[in-house]
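For reference, the structure discussed in these notes is given below.
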Amino acid sequence: MNNIYLPQLVKITKIIEQSPTVKSFRLEKIGGRFEKDKDGLVFKPGQFVMVGQIGYGESPLGPSSSPYEDKYIEIAARKAGTVTGYLHSLKEGDKITLRGPYGNGFPLDFMKGKDIVCATGGCGIPPIAALVEYIIKNKENFGRVYVLYGAKTPDEILMKDKIEEWKKEGVKIILTIDKPDKNWKGQVGFVTDLIKEIDIDEANAVATMCGPGPMMGALEKVLRPLGISDRRIFVSMERKMQCGVGKCQHCTTGKKYVCLDGPVFNYDEIEKNHD
């Protein structure tokens, strides 16, 4: 078994400019494939990996690729600091380090047999993307699946190619943006406004969220009246992490560490501490 605390060298085999500030990177393990667990998963949707380079540091990022894929792992990074700035300077064929996966992902067994509402905003879509890929692979175990996704502008909608693939697999995608351009024909407004577009069995549904704290707090207030309790709302807090091993205290959330106790929590675990 691999030691997940030791960095392994990976090669960037594909880079896609997802938006003016976000790139996705396909990472392949040099000399082999990524190890799978007993369920055939390389990682659980919602877990994170540490990506970086000696001399620059590391950044915690949630994989966006299918957790069943062992040839590569895909991540997406917004250019925001030293590590992500370095990643954005790289080209296909360059090598970086990767550690993990770490943390607790979405409760896949609990979610089976239920309608799923996935809500995200901005650059929060990667862990949701991995979850959707898992659900599609096991679609017979789930009910209706919705992805509610908000971005500032049409150019900042990430993973457009995957979104089109999900539609073909029966996933209901509902998009909204803050600032439309002349070509935008979709909805304009908050992600919370999209709740009226879903049709679920409230007594047998769960919600997953990853995005800005205010967005998640507002969504909880419209999901709860539908009958989805806080115990059935699962929130990814990966954006708060830094060291990934519970030492820097950057990700403290109340009495919990996001990197050790999360990054996925029940909403009621972090309700008063998420931002």
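Search segment 187-198 for residues that are crowded, with 16+ Cβ neighbours inside 10 Å and pair each with any residue that is of a type in the set (D, E, K, R) and modelled with pLDDT under 90 when their beta-carbon atoms are under 9 Å apart and the residues are at least 6 apart or on different chains. Hits for this filter: 192/221. Scanning segment 155-207 for residues that are within 27 Å of residue 231 (Cα to Cα) and of a type in the set (Lys, Arg) yields 172, 196. If you check every pair at least six apart or on different chains, which have Cβ atoms under 7 Å apart with a residue in segment 55-78 that is outside any strand (DSSP E or B) first and a residue that is basic (Lys, Arg) and surrounded by fewer than 20 Cβ atoms within 10 Å (Cβ to Cβ) second? Hits for this filter: 66/137; 68/137; 70/33; 70/36; 71/33. Just for segment 224-275: of the residues that are open to solvent by 60 Å² or more (accessible area, probe 1.4 Å) and in a helix (DSSP H, G or I), which one is modelled with the lowest pLDDT? The residue in question is 239. Looking across segment 106-154, the residues that are touching a residue at least 60 places away in the same chain (Cβ under 8 Å) and either in a loop (DSSP other than H, G, I, E, B) or acidic (Asp, Glu) (or both) come down to 106, 107, 113, 114, 115, 122, 123, 124, 133, 143. The set of residues from segment 87-104 being modelled with pLDDT under 95 and either open to solvent by 30 Å² or more (accessible area, probe 1.4 Å) or in contact with a helix residue (DSSP H, G or I) (Cβ under 8 Å, 6 or more places away or on another chain) (or both) comprises 101, 102, 103, 104.
The values are calculated or read from the model by the stated rules, or taken from the named source; none is laboratory data. In this text the structure is predicted, and so the values were computed from the model without any measurement. Glycine gets a Cβ as well: all are built from the backbone with ideal geometry, and neighbour counts include every protein chain shown. Accessible surface areas use protein heavy atoms only, side chains included; no ligands, DNA or RNA. Shrake-Rupley method; radii C 1.70, N 1.55, O 1.52, S 1.80 Å.
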